[in-house]
């Protein structure tokens, strides 16, 4: 029975043109990686005794993404045999041909292999020197894909070179994308214009330093909201903060309750009780102060330490939601204004925010980290 193959423009570009370098810049869910791997599998069937390589910067990233695609495609095309899949040595034997995979975590891997076709997944992760070393050992084609999250890269400079095919693709070029995933991407347009440029439109982001730019103010909570809990960030010379977080579908509502300096734990407990809050609700606290959490708990407050994830993971959780801040929460609004990315000596943004003007925002991150299950959209109420 014939096998029906669904392809996008990426597959057709590889199948119908002949260049040394292929670069596919694009949004999330554009089908770049899947169609490149699909082309590799189908193309290698028409050749003899060749080696095609799949490369990514780290092995865990490779195994968690493109390698899954390779195995699924082999199965769909009825080409997969367990005995031909060599996990330890990192290759699949397809007749007289080999599809291999490896990461670039050692100099030996970069300089010691030769191949006919090389596919570099998420190519912005590798340096220009690593690209050159791979290219020198590749006899036919170099294929690269990436999301344009970096504002500067050697890949952008390759556009327009005579030996390079360069195409920008988006999720709109993938007719097989489920509507649910389309809807998730479309939400970025209003939540974070910069992320929308990168992961929605497939374009280079604008180098803005502001970590958050999608916040709005509110006065009254919608009647359908549910409370996620309270966030507590401890300080003394730095402020001690208490914020309240509600959720309504894809939106979170943040209100500043306390912003105190030179405050002891006993003072904080008194202030919390004076607010008349339900002390049995979750108070998610900075885990760096276990003694303070214990004192709050003994005082009848349901204080819990945050199970800290990376700062970027917490930021990502907030960016996934429409962010509303109460109009009277002046310190939250001020922190949002001054919460910016660190920069290197050349003025390029780094993937780490400046560690100041972030006390209320840290409290918010604690709540989102504990109450929102990352990447699932499921919330613990």
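The values are calculated or read from the model by the stated rules, or taken from the named source; none is laboratory data. Worth saying up front: this structure is predicted, and the values here are computed from it rather than measured. Cβ placement follows ideal geometry from the backbone for every residue including glycine, while neighbour counts extend to all protein chains displayed.
A few remarks follow.
- Within segment 281-381, helices (runs of 4 or more DSSP H) holding 3 or more residues that are at pLDDT 95 or above and more than 28 Å from residue 194 (Cβ to Cβ): 290-298
- Qualifying residue in segment 335-342 (condition: closer than 16 Å to residue 257 by Cα, crowded, with 21+ Cβ neighbours inside 10 Å, touching a residue at least 60 places away in the same chain (Cβ under 8 Å) and in contact with a strand residue (DSSP E or B) (Cβ under 7 Å, 6 or more places away or on another chain)): no
- Residues that are in contact with a strand residue (DSSP E or B) (Cβ under 9 Å, 6 or more places away or on another chain) and farther than 19 Å from residue 257 by Cα, drawn from segment 319-334: 320, 321, 322
- Candidate set: segment 250-280, residues that are in a loop (DSSP other than H, G, I, E, B) and touching a residue at least 40 places away in the same chain (Cβ under 8 Å); chosen: the one farthest from residue 235 (Cα to Cα): 250
- 3 or more residues within 23 Å of residue 68 (Cβ to Cβ) and either at pLDDT 95 or above or within 25 Å of the chain's Cα centre (by Cα) (or both): qualifying strands (runs of 3 or more DSSP E) within segment 98-183: 115-120, 138-146
- Here the condition is being closer than 16 Å to residue 117 by Cβ, buried (at least 21 other Cβ atoms within 10 Å of the Cβ) and either in contact with a strand residue (DSSP E or B) (Cβ under 7 Å, 6 or more places away or on another chain) or in contact (Cβ under 8 Å) with a residue 40 or more places away in the chain (or both); of 50, 66, it holds for 66 alone.
- As a summary of the residue check, residue 75 satisfies the conditions (1) more than 24 Å from the chain's Cα centre (by Cα); (2) modelled with pLDDT under 95 except for the one numbered (2).
- Count of segment 214-249 residues which are part of a loop (DSSP other than H, G, I, E, B) and either at negative phi or surrounded by 16 or more Cβ atoms within 10 Å (Cβ to Cβ) (or both): 14
- Just one residue in the set 65, 53 is under 24 Å from residue 6 (Cα atoms) and at pLDDT below 95; that residue is 65.
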